[in-house]
1. Which residue is farthest from A:GLY24 (Cα to Cα), if the candidates are limited to segment A:115-135 and must be surrounded by fewer than 17 Cβ atoms within 10 Å (Cβ to Cβ) and aliphatic (A, V, I, L, M)?
2. Do we have B:LYS54 as free of Cβ contacts under 8 Å to residues at least 60 places away in the same chain and basic (Lys, Arg) here?
3. Of the residues B:GLU169, B:GLU155, which single one is free of Cβ contacts under 8 Å to residues at least 24 places away in the same chain and under 30 Å from B:MET23 (Cα atoms)?
4. For segment A:113-126, check the following and say yes or no: at least one residue is out of contact with any Cys (no Cβ under 9 Å at 6 or more places or on another chain) and within 13 Å of chain B (Cβ to nearest Cβ).
5. Please give the number of the condition A:ASP99 fails out of (1) under 14 Å from the mean Cα position of the chain (by Cα); (2) over 13 Å from A:ARG17 (Cα atoms); (3) more than 8 Å from chain B (Cβ to nearest Cβ).
6. Specify which of the listed residues (B:ALA90, B:ALA77) is of a type in the set (Gly, Ala, Ser) and within 26 Å of B:TRP190 (Cβ to Cβ).
7. Restricting to segment B:38-53, name every residue that is charged (D, E, K, R) and farther than 12 Å from B:ASP99 by Cβ.
8. For segment A:157-173, which residues satisfy the criterion of being away from chain B (no Cβ under 11 Å) and basic (Lys, Arg)?
Protein chains: 2
Amino acid sequence: MNKHISEQFDEELQSARTLMMEMGGLLEQQLKNAHEALLSQNAEKALSVIEVEKQVNALEKELDDQCIQIIARRQPAASDLRMMIAVLRATTDLERIGDEAKRIAKLSLQSGSHPFPDDRFADIDSLMDRVQVMVARSLDAFARSDVDNALATIELDAEVDRQYRTVMERLLRDMREKPEALELWMNMTWVTRALERIGDHAKNISEYVVYLASGEDVRHTRTNNT
Amino acid sequence: MNKHISEQFDEELQSARTLMMEMGGLLEQQLKNAHEALLSQNAEKALSVIEVEKQVNALEKELDDQCIQIIARRQPAASDLRMMIAVLRATTDLERIGDEAKRIAKLSLQSGSHPFPDDRFADIDSLMDRVQVMVARSLDAFARSDVDNALATIELDAEVDRQYRTVMERLLRDMREKPEALELWMNMTWVTRALERIGDHAKNISEYVVYLASGEDVRHTRTNNT
């Protein structure tokens, strides 16, 4: 491969990564808005999250096309190819994070009839903070190919899972003790589940960083939670 | 590209598709066993599903490596490249179906203390049948590049979603009317959710078939359910 083509490839690869970061930024905003929609019962924010989800999907398609065209045209060497595939995969995870943000926004619109109890609220608030940190760090780690940060983000997921189980147990207790607000507990259960999934996707993105740097596939080497 | 290289590529592509179908067959068996584990409270079947999940993960890695190596070595034209990417994506969906099968197997082990009510059981039984049909058809459609079958499978997902919502409403009613069996209702809720997700993955696999045949990306063109 001559220098000229290699430079063009680098530029295109950079452009795909930049677009991916743009998509990541949009999703961080979506999570922030979904968080506000839920915690301050802000229907306007919720509707905005649902509306912006279309942009997220459009960005996913654009990135997909860009990556496939780059691979087809530049015929990259194996290591560059792995980077392109990692971008493709991370894009899928980002799009799924967008689905979960939309789900949370929709659930926030359904929770209007019952007042949120303060303590369960604090639980979900804290879990939301954590997964937002995970998403931000996984994107940083990807942008800088920062394996240490990626590994630290993967570790964070274990904490999210622990917290998820605690919140779920509390919600089960709430259902038993205050069955009159069952719909609310179920809604909060779905929100909690969505947050746990967002953590999983951030973990996936971090795992691609480790994989790219080390050639080692860390998926499935850790025990999965249910 | 000369004929010799092109033939080698075709062989390798065929081998990757064959391995994908093998993985698909293993997952159909996993779903069948998870179904039996749940419906006949067969702990042995459940443990086998959990054990075999490791094979599923190993197959995913193998397929991943095969696809990436083929792309790197053969530098396929855009249309063949799209096929390889579709195999990579379908592999991810298959692996996620495996995760859900394992989840159902684990949940079946936790449901031992309460007898399953016949009517809710019939609900889940029927939903399980449907998603198993969806998975089988999506794999058939992929193997034969059968767009009609893929489109029909995509349509089936709407029925699964409808049925999912009906079962969820019934479970909510069960929770309200028979709160003493709350854990059972929650377990069944998770099983129902897992089944809905399996339907989504089968739909994804079908969408890749349509995409490959038409060049049209049908993802996101339909409304998502929550």
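The values are calculated or read from the model by the stated rules, or taken from the named source; none is laboratory data. The shown structure was predicted, so the numbers you read here are calculated from the model rather than taken from an experiment. Please note: Cβ atoms are built from the backbone with ideal geometry, for glycine as well, and neighbour counts cover all protein chains shown.
1. A:ALA122
2. yes
3. None of the other options fit; the residue is B:GLU155.
4. Within segment A:113-126, not a single residue is out of contact with any Cys (no Cβ under 9 Å at 6 or more places or on another chain) and within 13 Å of chain B (Cβ to nearest Cβ).
5. Every listed condition holds for A:ASP99 apart from (3).
6. B:ALA90
7. Hits for segment B:38-53 are B:GLU44, B:LYS45, B:GLU51.
8. Scanning segment A:157-173 gives A:ARG162, A:ARG165, A:ARG170.
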